[in-house]
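The values are calculated or read from the model by the stated rules, or taken from the named source; none is laboratory data. Being a predicted model, the structure only gives us computed values, none of them experimental. Here the Cβ positions follow ideal geometry from the backbone for every residue, glycine too, while neighbour counts run over all protein chains shown.
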Amino acid sequence: MLKVLESLIAVLNKLIVFTSTVAIAIAGGILSWEATARYLFKIPSDWQDEVTIFLLVGATFMSCAWVQHSRGHIGIQALAAILSPRVDRARRVLSDVLSFLFCTFFTWKSWTLLLEAIEDHQISGSAFGAPLWIPYSCMAVGTSLLALVLLVQVLLALTQWLTAHPSQASTL
């Protein structure tokens, strides 16, 4: 069951990473156009900063689960080199558990912000006045998926440990 969930998350993450890549490319295009329009054609605009921030925030939060799933984050390699493999595995699992707890709290707060923004019809303070549910929804969905990835990784590690040590499973 966990392997099936992990596979589904992997497929979803690939789609999200592709979408995030497109969002980053669009943000780069918008900023390039804005600089060109302002300096060459004397056409200022007031929307491009906010749109690019929303795109970049969305891409960052939505792709964070993929980074965790692929273990693409920066690890402490120095510790892995001096610790025994068993202790290093325990360190990684402990790190995943603590990360899961933090991300669960952050997810809860993100959903709270999103619901408040929807309820109160909150908009940004700029002249563009973009609705704040857009970045908050990316935060909420992205951190939810990240917490799910961390939970699956912790449960898989626990399952692997119980499979490798069946005599100790009865003591749990």
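Can you name the residue in segment 133-147 that is of a type in the set (A, V, I, L, M) and buried (at least 20 other Cβ atoms within 10 Å of the Cβ) and, of all such residues, is nearest to CYS103 (Cα to Cα)? Among those residues, the one meeting the criterion is ALA147. The set of residues from segment 96-118 being surrounded by 14 or more Cβ atoms within 10 Å (Cβ to Cβ) and of a type in the set (S, T, N, Q) comprises SER99, THR104, THR107, SER110.
Quick grid of which residues meet (1) in contact (Cβ under 8 Å) with a residue 12 or more places away in the chain; (2) of a type in the set (D, E, K, R); (3) farther than 26 Å from MET1 by Cα:
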| residue | (1), (2), (3) |
| --- | --- |
| MET62 | yes, no, no |
| GLN68 | yes, no, no |
| GLN77 | no, no, yes |
| ILE82 | no, no, yes |
| ARG89 | yes, yes, no |
| LEU114 | yes, no, yes |
| SER137 | yes, no, yes |
| LEU162 | no, no, no |
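All of ALA78, ALA90 fail the test of being small (Gly, Ala, Ser), loosely packed, with under 13 Cβ neighbours inside 10 Å, assigned to a helix (DSSP H, G or I) and more than 14 Å from the chain's Cα centre (by Cα), apart from ALA78. Name, by its number, the condition in (1) under 20 Å from HIS69 (Cβ atoms); (2) at pLDDT 95 or above that does not hold for LEU94. That leaves (2) as the condition not met. Is segment 66-74 home to any residue that is assigned to a helix (DSSP H, G or I), over 14 Å from the mean Cα position of the chain (by Cα) and at negative phi? There is no residue in segment 66-74 that is assigned to a helix (DSSP H, G or I), over 14 Å from the mean Cα position of the chain (by Cα) and at negative phi. For segment 36-86, the set of residues classified as farther than 29 Å from LEU8 by Cβ and of a type in the set (Ser, Thr, Tyr) consists of THR36, TYR39, SER45, THR52, SER84, listed by residue number.
For segment 120-129, the criterion of being farther than 25 Å from VAL11 by Cβ, within 20 Å of the chain's Cα centre (by Cα) and outside any helix (DSSP H, G or I) is met by none of the residues. If you go through segment 84-102 and keep only what is among the polar types (S, T, N, Q) and either touching a Gly at 6+ places or on another chain (Cβ under 8 Å) or closer than 15 Å to GLN153 by Cα (or both), you end up with SER95, SER99. Is it true that some residue in segment 32-44 is modelled with pLDDT of 95 or more, under 26 Å from GLY125 (Cα atoms) and part of a helix (DSSP H, G or I)? Checked against the condition, which is being modelled with pLDDT of 95 or more, under 26 Å from GLY125 (Cα atoms) and part of a helix (DSSP H, G or I), segment 32-44 yields no hits at all. Identify, please: which residue in segment 119-131 is out of contact with any Ser or Thr (no Cβ under 9 Å at 6 or more places or on another chain) and either surrounded by 13 or more Cβ atoms within 10 Å (Cβ to Cβ) or charged (D, E, K, R) (or both) and is, among those, nearest to SER45 (Cα to Cα)? The residue in question is PHE128.
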